[in-house]
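Here, each number is a calculation from the coordinates, and none is a lab measurement. Here the structure is a predicted model, which is why all the values come from computation and not from measurement. Using ideal geometry, Cβ is built from the backbone for each residue, glycine included, and neighbour counts are taken over all protein chains shown.
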Amino acid sequence: MSYDVRFTGEIGIHPPIPADDVIAAGFHAPGRFGDKDVAVTVIETPIDGVPGAYRRQVTAIAACMGSYTAYKAVEHVQEIVSRWGEGRTFTGYLQGWGEEPGDVFRIVIRDGRAVEVQPRIVWPDGSEGV
């Protein structure tokens, strides 16, 4: 990833992570830019019996808005998994498209590690390759 990339998708987190620590570490909601190459989805739910009080939780690792250089996207996904992943499951993926034709990849979590996965091209006759 050496130039602008556009991401879609999300990596769900269960159970959710308390949002304050994640935001303090520099992760922000999509559309708000910080120091990280990925964003987080934050939900707020009312706290029963406490009027006006909300519990803020991170429910997913998400794509930042727009197209940008994403040199550290895998590293930043791994940071979330390493810091807050114990006892949690991560499902889904972020999919990225670069500027060049065929430059497509996914970031997934495998065995507690964030990895970049390249697609495999298979032609209708069953042969592989570009």
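Figures for the structure shown
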item: Mean Cα-pair separation over length for the chain, i.e. relative contact order, pairs under 8 Å, 6 or more apart, %; result: 30 percent
item: Theoretical gain in end-to-end length, residue 104 to residue 29 [0.36 nm per residue, Cα-Cα removed]; result: 24.6 nm
item: Residue-span extension gain [residue 50 to residue 21] - 0.36 nm each, minus C-alpha spacing; result: 8.2 nm
item: Excluding exposed DSSP-loop trypsin sites (Lys or Arg not before Pro) (at most 16 other C-beta within 10 Å), longest clean stretch of the chain; result: 33-71
